[in-house]
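Colleague: A single structure is presented below for examination.
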Amino acid sequence: MIEFTNVVKTYAEGNDALRGVSMQIEDGEFAFLVGPSGSGKSTIIKLINGELKPTSGAVHVNGYSLERIRKREIPYLRRTIGVVFQDFRLIDTKTVYENVAFAMRVVGAREREIRERVPYVLELVGLETKEKRHPSALSGGEQQRLAIARALVNNPSTIIADEPTGNLDPTRSIEIMSLLQEINNLGTTVLVVTHELELVERMHKRVIAIDEGLVISDGLDGEEEQ
């Protein structure tokens, strides 16, 4: 579960990125976080992932209290979270298979586990026939599927997708959203951060809207819940 309680984040230069954010995302939920550039979305991601600590308030993510987490605990927190980035961040010198396997090796997985898990995840995202190709030989949609496979391979309880369709055409964008829905159907919590409101409206999911560091609405398709 992800829970923010009256979270304030002020950067060193005095910029109030968050000004009292409270929200709760339950295990197994699918939600969108929307807002214009500079609204605080990136700060929320960094707080969830342990890159930042709140200036005040409480952040709880998958059993960890982020305002008092120890540095040595952060890698364990991050094993519970898979992050998908807009720019993919793939390693082009490695094949599709090697990109996903590398994510398992980083956390100390055994080779037997890697041999069993990687093909399963590649099949889940529809890349089982592309495992020997390099990212540069894939389409943009396939590269994003590979990024999702990498985020999934360590079986996180939560997937955070940061503008996952920002570099894709509308058809590929819908495919990626459908894939994230399939992942959510398997029990994984999914939080999609985006500014593409047309895509959000198609999905009919919970929408948390943020602006100037405050939650301004929270509900199904933006219908505000008090």
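Colleague: Those residues that are surrounded by fewer than 21 Cβ atoms within 10 Å (Cβ to Cβ) and closer than 24 Å to M203 by Cα, I need them from the range 42-65; list them, please. Show your work before the answer.
Modeller: Going through the range 42-65, the residues surrounded by fewer than 21 Cβ atoms within 10 Å (Cβ to Cβ) turn out to be 42, 45-46, 49-58, 60, 62-65.
Within the range 42-65, S42, I45 meet the criteria.
Colleague: I'm trying to understand the selection: among the residues of the range 99-111, which are farther than 24 Å from K53 by Cβ and open to solvent by 80 Å² or more (accessible area, probe 1.4 Å)?
Modeller: Across the range 99-111, the qualifying residues are F102, R105, R110, E111.
Colleague: Within the range 1-48, track down each residue that is of a type in the set (S, T, N, Q) and within 16 Å of the chain's Cα centre (by Cα). Working first, answer last.
Modeller: Within the range 1-48, the subset of a type in the set (S, T, N, Q) is 5-6, 10, 15, 22, 24, 37, 39, 42-43.
Result: Q24, S42, T43.
Colleague: For the range 62-121, how many residues meet the condition of being aromatic (F, W, Y) and out of contact with any Asp or Glu (no Cβ under 8 Å at 6 or more places or on another chain)?
Modeller: Restricting attention to the range 62-121, the residues satisfying the condition of being aromatic (F, W, Y) are 64, 76, 85, 88, 97, 102, 120.
In the following step, the residues that additionally are out of contact with any Asp or Glu (no Cβ under 8 Å at 6 or more places or on another chain) were identified as 76, 88, 102, 120.
Matching residues across the range 62-121 total 4.
Colleague: Right, here's the next one. Within the range 89-98, how many residues turn out to be loosely packed, with under 15 Cβ neighbours inside 10 Å and of a type in the set (V, I, T)?
Modeller: Residues that pass the stated criteria total 2.
Colleague: Run down T158, T194 and say which single residue is modelled with pLDDT of 95 or more, polar (S, T, N, Q), under 19 Å from F85 (Cβ atoms) and in contact with a strand residue (DSSP E or B) (Cβ under 7 Å, 6 or more places away or on another chain). Talk me through it step by step, then tell me what you get.
Modeller: Numbers: T194 fails: modelled with pLDDT of 95 or more.
Criteria check complete, one pass: T158.
The values are calculated or read from the model by the stated rules, or taken from the named source; none is laboratory data. No experiment lies behind these values; they were computed from the predicted model shown. Because the Cβ atoms are built from the backbone with ideal geometry, glycine has one as well, and the counts that use them run over all protein chains shown. To get the accessible areas, we keep the full protein, side chains included, count just its heavy atoms, and leave off ligands, DNA and RNA. Shrake-Rupley method; radii C 1.70, N 1.55, O 1.52, S 1.80 Å.
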